[in-house]
Amino acid sequence: MEYHPLPVTHVGLTVTDIEAATAWYAKVLCCRHIIGPLHITDDGSQMWKVFRGIFGERFQEGYVCHLATANGVGIELFQFVTPRSEPAENNFAYWKTGVFHFCLVDPEIEALAKRIADAGGKQRSDVWTLFEGEAFKAVYCEDPWGNLIEVYSHSTELMYANRGK
């Protein structure tokens, strides 16, 4: 059997205010709003059954919303009502396993980092040039709900292709 690279379809993020997060991602990161927020509660719907099956009996109520980035990769926002979404005590525990950020591409990296900070998020790091004498840059930011966003000036393939091991 031959294997091939698989596409990423979306990244799921938990927020404490789905209405505000939907508006923030649409305005600040220019995401297209696809659907939602959908209210998920014990109404016997298929969506309720799916959520309850995934999250277990502790899940009683929540919201979900889908947005899309320029290349079609989605951002799925969740707000849990019961149990209630809570901010992470340490959202930068990079040494622990699991997803700790997602990355966007914007050639105007400094402007996007400023836009994120000006809109209630944070610029967590300086803008770094990754390879001396080259134009490839990166910066760490976060949304107002503590989700970490890395921004690259170029795609991952352009930045790292043909550099060896």
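The values are calculated or read from the model by the stated rules, or taken from the named source; none is laboratory data. The shown structure was predicted, so the numbers you read here are calculated from the model rather than taken from an experiment. So basically every Cβ, Gly included, is an ideal-geometry build from the backbone, and we count neighbours across all protein chains shown.
Points to keep in mind about this one:
- The range 5-27: number of residues that are closer than 18 Å to Lys114 by Cβ and surrounded by fewer than 19 Cβ atoms within 10 Å (Cβ to Cβ): 1
- Leu77 meets each of the listed conditions (1) among the aliphatic types (A, V, I, L, M); (2) more than 22 Å from Trp24 (Cα to Cα); (3) touching a Cys at 6+ places or on another chain (Cβ under 6 Å) apart from (2).
- Residues in the range 1-25 that are free of Cβ contacts under 8 Å to residues at least 60 places away in the same chain and under 23 Å from Ala88 (Cα atoms): Glu19, Thr22, Ala23.
- Test: residue in the range 59-72 that is over 16 Å from the mean Cα position of the chain (by Cα), outside the structural domain of Lys27 (by TED's automatic domain parsing) and not hydrophobic (A, V, I, L, M, F, W, C): no
- Unmet criterion (only one of (1) farther than 16 Å from Gly12 by Cα; (2) not in a loop (DSSP other than H, G, I, E, B)) for Phe80: (1)
- Tally of residues being within 17 Å of the chain's Cα centre (by Cα) and closer than 12 Å to Thr16 by Cβ across the range 73-96: 8
- Within the set Phe59, Phe92, the sole residue that is farther than 30 Å from Asp126 by Cβ, among the hydrophobic types (A, V, I, L, M, F, W, C) and part of a loop (DSSP other than H, G, I, E, B) turns out to be Phe59.
- Some residue of the range 84-103 being in contact with a Pro (Cβ under 8 Å, 6 or more places away or on another chain) and modelled with pLDDT of 90 or more: no
- Being assigned to a loop (DSSP other than H, G, I, E, B), surrounded by fewer than 19 Cβ atoms within 10 Å (Cβ to Cβ) and among the aliphatic types (A, V, I, L, M) is a property that Ala70 has.
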